[in-house]
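Student: Shown below is the structure under consideration.
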Amino acid sequence: MMHGRVTISAAMIVKNEARFLPGCLDSLAGRVDEIVVVDTGSTDGTIEIAEQAGVHLLHQAWRGDFAGPRNFGLDHVRTGWVLYIDADERLGLPRGGRLADYIDPVAVAGFVRFRPKTNFTRYREWRLFRADRRIRFAGMIHETAVPAIKAVGRLEGWPVVQTDVEIDHLGYDGDISHKHPRNLALLEQALPGDPDRLFYWHHLAETYAGLGRWEEAEKAARQGLERTEGQDDDNRSATASLLHQFLVRSELRQGRDPTGLIASALAREPDDYALHFLKGHALLAIGQAEEALEVAQLLRGIDPDRLPDGWLAFDRALFADKACELAALACLDLGRHTEAGGYFAEASRLAPGVLAYRVKAAAFGGIVPVDQ
């Protein structure tokens with residue numbers, strides 16, 4: 001099969017993204033062949049920014065469905081490949097050049113190295129795929145083209161490959177509580193039609209929690225976990241980990257012992273380091289400080305830059321100041337105050353903006369660098 005030069009469009013939908021859109025367009029400039037933007041009703045200058053950038057600008061009224069405008073944009077793509085991106089994301093190409101240089105022309109799709117939040121590790125995300133009319137998005141919220149990509153790949157014998165392409169997401173760095181009511185309405189509409197979409201359950205649990213509806217949040221997480229039984233798909237396992245993390249945090253918040261739940265979760269996903277961190281705090285809560293210290297030392301010994309790209313991303317602080325704080329708390333429970341002071345001092349060095357670390361280091365004899 002002959003393959004010509006790869007061409008690629010960046011496709012996005014926007015509404016009132018004047019704050020983020022210029023940075024996204026800057027990251028795409030000179031790296032893609034075309035930028036297709038579907039506006040769903042902006043009133044804040046987004047349209048003017050897009051027009052000045054010379055993108056292929058389309059308009060579709062918002063109808064309470066994210067997949068609709070995504071597919072409208074795909075219908076107007078004039079290249080062989082698509083990069084699916086949002087205004088609050090930034091494209092990174094570690095070797096420079098153009099995005100097409102990173103595409104395997106025999107593949108159906110390529111994973112990117114996605115950072116979901118500042119200071120998090122990366123995970124693999126489905127963002128690059130052929131501009132094939134059989135590949136379209138589905139879902140009112142958390143719309144996905146993955147089932148269609150997989151189906152076309154199987155039919156044609158085209159693989160999905162990992163790329164070095166990076167995307168950084170900035171939209172979760174601030175307060176997102178204003179999105180909870182909208183997301184709740186969409187999730188409650190979407191779930192009955194696709195109850196096996198596990199991420200819906202996780203997002204529903206987090207949304208209920210954000211609204212202070214804790215009982216409903218825990219119920220949603222448990223219902224989601226019930227849907228994971230007998231599933232061994234990697235992506236499903238990752239979502240199961242997120243659901244387990246939510247339930248463990250809920251148990252700790254209510255003063256209950258979640259160690260049994262953690263053990264079953266780690267048996268399924270042993271490299272879930274967020275669960276390991278929660279395990280350390282759970283062990284502290286039941287008086288097993290020595291075991292908690294071992295967990296902290298395990299986390300501190302991991303270099304997040306050397307973690308392979310999997311389906312989970314982790315706050316880098318888990319391997320740095322938060323691990324040191326956990327170790328310090330364990331040492332305090334063990335009566336080893338000098339060691340605790342040393343760990344607090346190390347936490348202060350790693351996160352100089354956290355005053356509490358410095359105060360506790362001084363209280364227990366830890367040496368804090370004077371330039372802090």
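Student: With +1 assigned to the C-beta of every Lys and Arg and -1 to the C-beta of every Asp and Glu, and no other charges, what is the dipole magnitude of region 102-183 about the Cα centre in debye, to the nearest 20?
Tutor: The dipole magnitude comes to about 280 debye.
Student: Rounded, prolate or oblate: which fits region 215-340 when a ≥ b ≥ c are the square roots of the eigenvalues of the alpha-carbon gyration tensor, with rounded for a/c under 1.5 and prolate only if a/b beats b/c?
Tutor: Taking the square roots of the gyration eigenvalues as a ≥ b ≥ c, region 215-340 is oblate.
Student: Calculate what fraction, in whole %, of the accessible area of the chain sits on carbon and sulfur atoms when a 1.4 Å probe is rolled over the protein chains.
Tutor: After summing per-atom areas, the C and S share lands at 50 percent.
Student: Another question about this same structure. Using helices alone, what [θ] at 222 nm do you get for the chain, with -39,500 (n - 2.57) per DSSP H run of 4 or more residues, divided over all residues and rounded to the nearest 500?
Tutor: -13500 deg cm²/dmol, from helical runs alone.
Student: Regarding region 89-189, what whole-number volume in Å³ per residue does the convex hull of its Cα atoms give?
Tutor: 118 Å³
Student: Also: How would you classify region 282-323 from its alpha-carbon gyration tensor, with a ≥ b ≥ c the square roots of the eigenvalues: rounded for a/c under 1.5, else prolate if a/b is greater than b/c, otherwise oblate?
Tutor: Verdict is prolate for region 282-323.
Student: Select from L332, L261, Q297 the residue farthest towards the positive end of the dipole of the chain; place +1 on Cβ of Lys and Arg, -1 on Cβ of Asp and Glu, and compute about the Cα centre.
Tutor: L261
Student: Now for a different question. Out of the DSSP beta bridges found with both residues in the chain, what percent are antiparallel (nearest 5)?
Tutor: Expressed as a percentage, antiparallel bridges in the chain total about 45.
Student: Any idea what the dipole of region 18-100 comes to, in debye rounded to 20, about its Cα centre with Lys/Arg Cβ at +1 and Asp/Glu Cβ at -1?
Tutor: The calculated dipole for region 18-100 is roughly 340 debye.
Student: Multiply the residue separation of Q297 and H59 by 0.36 nm, subtract the distance between their alpha-carbon atoms, and state the gained length in nm to one decimal.
Tutor: Residue separation times 0.36 nm, minus the Cα-Cα distance, leaves 80.4 nm.
Student: May I ask you to give the solvent-accessible area per residue for region 330-372, in square angstrom, as obtained with a 1.4 angstrom probe?
Tutor: Per residue, region 330-372 has 58 Å² of solvent-accessible surface.
Student: Can I ask one more? Would you kindly state the longest site-free stretch of the chain, with sites defined as chymotrypsin sites (Phe, Trp or Tyr not before Pro) in a DSSP loop (not H, G, I, E, B) surrounded by at most 15 other Cβ atoms within 10 Å?
Tutor: 173-372
Student: If you place +1 on the Cβ of every Lys and Arg, -1 on the Cβ of every Asp and Glu, and leave all else neutral, what size is the dipole of the chain about its Cα centre, to the nearest 20 Debye?
Tutor: Around 360 debye, computed over the chain.
Student: Given labels modelled 7 Å from the Cα in the Cβ direction, how far is it in nm from A267 to A363?
Tutor: It is 3.9 nm.
Student: Note down the nm distance, to one decimal, between modelled labels 7 Å out along Cα→Cβ at R236 and at A151.
Tutor: Taking the simple label geometry, R236 and A151 are separated by 1.8 nm.
Student: Could you work out which residue, out of V32, V359, V295, moves most in a Gaussian network model of the chain, that is, has the largest mean-square fluctuation with Cα springs under 10 Å?
Tutor: Checking each option, the largest mean-square fluctuation is seen for V359.
Student: Simple spin-label model, 7 Å along Cα-to-Cβ: I176 to R98 in nm?
Tutor: It works out to 3.4 nm between the two label points.
Student: Grab the beta carbon distance between D194 and D75, set R0 = 22 Å, and tell me the FRET efficiency rounded to 0.05.
Tutor: 0.45
Student: Among all the lysines, which ones have a C-alpha under 27 Å from K360's C-alpha, if same-chain residues fewer than 8 places away are not counted?
Tutor: Those lysines meeting the cut-off are K279, K322.
Student: If you take the square roots of the eigenvalues of the alpha-carbon gyration tensor of region 145-233 and sort them as a ≥ b ≥ c, do you get rounded (a/c under 1.5), prolate (a/b over b/c) or oblate?
Tutor: Oblate.
Student: Determine the distance separating the Cα centre of region 278-302 from the Cα centre of region 136-187; give it in Å without decimals.
Tutor: Result: 34 Å between the Cα centres.
Student: Something else: Pick from I149, I103, I176: which is most flexible by mean-square fluctuation in a GNM of the chain where alpha carbon atoms under 10 Å apart are linked?
Tutor: Of I149, I103, I176, the most mobile in the Gaussian network model is I176.
Student: Oh, and also: From the gyration tensor of the Cα coordinates in the chain, what semi-axes in whole Å does the equivalent ellipsoid have, largest first, with each one equal to sqrt(5λ)?
Tutor: Semi-axis lengths for the chain are 40, 24, 21 Å.
Student: Here's something else I'd like to know. Distances over 26 Å make up what percent of all Cα-Cα pairs in region 1-131?
Tutor: Cα-Cα pairs of region 1-131 separated by over 26 Å account for 20 percent.
Student: Using a 1.4 angstrom probe, figure out how much accessible area region 1-90 has per residue, in square angstrom, rounded to the nearest whole.
Tutor: Here the per-residue accessible area is 45 Å².
The values are calculated or read from the model by the stated rules, or taken from the named source; none is laboratory data. Treat the numbers as computed from the prediction; the structure is a model and nothing was measured. Quick reminder, even Gly has a Cβ in these numbers, built from the backbone with ideal geometry, and neighbours come from all protein chains shown. Each accessible area value is taken on the protein alone, full model and side chains, heavy atoms only, with ligands, DNA and RNA left out. Shrake-Rupley method; radii C 1.70, N 1.55, O 1.52, S 1.80 Å.
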